[in-house]
Amino acid sequence: MPAFPEASSAAVSDAQLRYNLRKATHTIRAKRAAVVSEQPDWAALRAAGAAIKDRTLRHLDVYLERLEAAVTEAGGTVHWAADAAEANRIVTGLVQATGETEVVKVKSMATQEIGLNEALEAAGIRAYETDLAELIVQLGDDLPSHILVPAIHRNRSEIREIFLSKMAAWGRPAPAGLADDPRALAEAARLHLRERFLSAKVGISGANFAVAETGTLVVLESEGNGRMCLTLPETLISVVGIEKIVPTWRDLEVFMQLLPRSSTGERMNPYTSTWTGATEGQTFHLVLLDNGRTSVLADEVGRQALRCIRCSACLNVCPVYERAGGHAYGSVYPGPIGAILTPQLRGMASPLEESLPYASTLCGACYEVCPVAINIPEVLLDLRSKVVAHGHVGQRVAMGAARRVLNSPRWLSVTQRSAGRLRRWTPRRLPGPLSAWSDTRDVPRPPKESFRQWWAANR
């Protein structure tokens, strides 16, 4: 992936994409605001959610071992994966052990993060996404662009064309006369997926939460497809990030109020599935995924990103996301949370990760709506300082020069007087590396008289 400025340039000029994003995000944003305003104790719930997450992260080793013991006691098998390659190897081996070549999947960001579908395909195993939006993305050979609504960048006419042209290659074809009415599109997807639910022997999921005291996993979804994947297959494999733990059921109750309101703008989630270990004769495997999370945990400022409950509220209020869309972030985690989580999970491995902390206006809207009070602007600034510290000689030189001028009254006065005298020659575009700034902004013309000069003359 190219760096964020380059990746977002095409999206910013795509009028249809910007319309799709604006309409969808504003709709979800308004629904969220309405249901949050009904909660007189919303601020207290938000503070409680942050406190529970912080306490869990401080004692994560204890709660992980407690979860492992509870799942094992309930008949499940726990596997530990240090990185994406190990997680893919474990899951692929578990599927191969069943002899099956097809699996059905519940919407899972963790499996997208590690590239599980591609790993399974390389082993001759086909993974079928069953969430409607994920199905659209998969059929369209596309990438998700939103945490809650992965196909938010598509309108219903585009979805109709995808169904008509691609659905047959994955199973039951779309009806020949399919209209772009939402009900008709949903019915086509329902009929297509029904065959998968009834024939699949292996299901793969993530989890929104894992309750350490009982070993219970929790999945929240809005369509019912998740419950079909969790209950019908003979083997269930769940890939869960180690930060998804909550200590007790009492703690879970807080998040069951925070998440639906912040994500879908609903008072209560339509489908909430819970299971503990191997149930009803099903074989259950839990894969606990690190993949950079312990490195994030070690960062005193950045670790708050691990509080995230994947609600997408920050995306829906972000002016940058609304215009650039999710693909420009080059990660399964787009928007403000992706701008801080992706560079921390991956490290500053490429120009893309180095550019993400700058994909923000620092307006603070993301912090205001976050249900677990992640101070995203604070982390963005911290990451920017690390980008400069680990590279970008030009930025270090520029900031060093600015520090010298601003720390010296004499140098500041000289600089201001010089700028005023040379104001008529102010360029429209700055030279060299500074051009990245002036490409999207007007270069301000310095005033004829600085404040210091005015003060000296009048006071």
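The values are calculated or read from the model by the stated rules, or taken from the named source; none is laboratory data. None of the values given here were measured: they were computed from a predicted structure. Here the Cβ positions follow ideal geometry from the backbone for every residue, glycine too, while neighbour counts run over all protein chains shown. To get the accessible areas, we keep the full protein, side chains included, count just its heavy atoms, and leave off ligands, DNA and RNA. Shrake-Rupley method; radii C 1.70, N 1.55, O 1.52, S 1.80 Å.
When the residues of region 171-211 are filtered to those that are among the hydrophobic types (A, V, I, L, M, F, W, C) and open to solvent by 70 Å² or more (accessible area, probe 1.4 Å), the one that is farthest from residue 74 (Cα to Cα) is 176.
Taken over region 65-83, the criterion of being part of a helix (DSSP H, G or I) and open to solvent by 40 Å² or more (accessible area, probe 1.4 Å) is satisfied by 65, 66, 68, 69, 72, 73.
Residues in region 176-193 that are within 17 Å of residue 223 (Cβ to Cβ) and either touching a strand residue (DSSP E or B) at 6+ places or on another chain (Cβ under 6 Å) or of a type outside the set (Asp, Glu) (or both): 182, 183, 184, 185, 186, 188, 189, 190, 191, 192, 193. When residues of region 436-453 are filtered for being farther than 22 Å from residue 8 by Cβ, open to solvent by less than 100 Å² (accessible area, probe 1.4 Å) and in contact (Cβ under 8 Å) with a residue 24 or more places away in the chain, how many remain? Within region 436-453, residues that are farther than 22 Å from residue 8 by Cβ, open to solvent by less than 100 Å² (accessible area, probe 1.4 Å) and in contact (Cβ under 8 Å) with a residue 24 or more places away in the chain number 5. For the residues 402, 398, 456, 389, the requirement of being open to solvent by 60 Å² or more (accessible area, probe 1.4 Å) and either within 25 Å of residue 357 (Cα to Cα) or at pLDDT below 80 (or both) singles out 389.
The residues of region 100-109 that are farther than 11 Å from residue 204 by Cα and open to solvent by less than 60 Å² (accessible area, probe 1.4 Å) amount to a single one, 109.
For (1) more than 15 Å from residue 219 (Cβ to Cβ); (2) more than 23 Å from the chain's Cα centre (by Cα), each residue gets a yes or a no:
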{"position": "231", "(1), (2)": "no, yes"}
{"position": "246", "(1), (2)": "no, no"}
{"position": "258", "(1), (2)": "yes, no"}
{"position": "263", "(1), (2)": "no, no"}
{"position": "269", "(1), (2)": "no, no"}
{"position": "272", "(1), (2)": "no, no"}
{"position": "286", "(1), (2)": "no, no"}
{"position": "300", "(1), (2)": "yes, no"}
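Please go through region 141-153 and pick out each residue that is out of contact with any Ser or Thr (no Cβ under 9 Å at 6 or more places or on another chain) and either without any contact (Cβ under 8 Å) to a residue 60 or more places away in the chain or crowded, with 21+ Cβ neighbours inside 10 Å (or both). Residues satisfying the conditions are 141, 142, 144, 145, 150. For region 1-27, the tally of residues that are among the β-branched types (Val, Ile, Thr) and farther than 30 Å from residue 346 by Cα stands at 1. Within region 415-434, residues that are within 19 Å of residue 5 (Cβ to Cβ) sit with their Cβ atoms under 8 Å from residues that are surrounded by fewer than 12 Cβ atoms within 10 Å (Cβ to Cβ) and of a type outside the set (D, E, K, R), at 6+ positions apart or across chains, in these pairs: 429/435; 430/437.
Scanning region 333-358 for residues that are assigned to a loop (DSSP other than H, G, I, E, B) and either modelled with pLDDT under 95 or over 14 Å from the mean Cα position of the chain (by Cα) (or both) turns up 347, 348, 349, 350.
If you check 168, 119, 127 for being under 28 Å from residue 218 (Cα atoms), hydrophobic (A, V, I, L, M, F, W, C), open to solvent by 20 Å² or more (accessible area, probe 1.4 Å) and at pLDDT 95 or above, only one passes: 119. If the condition is being among the β-branched types (Val, Ile, Thr) and either open to solvent by 30 Å² or more (accessible area, probe 1.4 Å) or over 17 Å from residue 113 (Cα atoms) (or both), then region 130-140 contributes 130, 136.
Given the condition in contact with a Leu (Cβ under 9 Å, 6 or more places away or on another chain), part of a loop (DSSP other than H, G, I, E, B) and at positive phi, answer yes or no: does some residue in region 359-371 qualify? Yes, the conditions are met somewhere in region 359-371. Does region 419-428 contain at least one residue that is exposed (fewer than 12 other Cβ atoms within 10 Å of the Cβ) and touching a Ser or Thr at 6+ places or on another chain (Cβ under 9 Å)? Within region 419-428, one or more residues are exposed (fewer than 12 other Cβ atoms within 10 Å of the Cβ) and touching a Ser or Thr at 6+ places or on another chain (Cβ under 9 Å).
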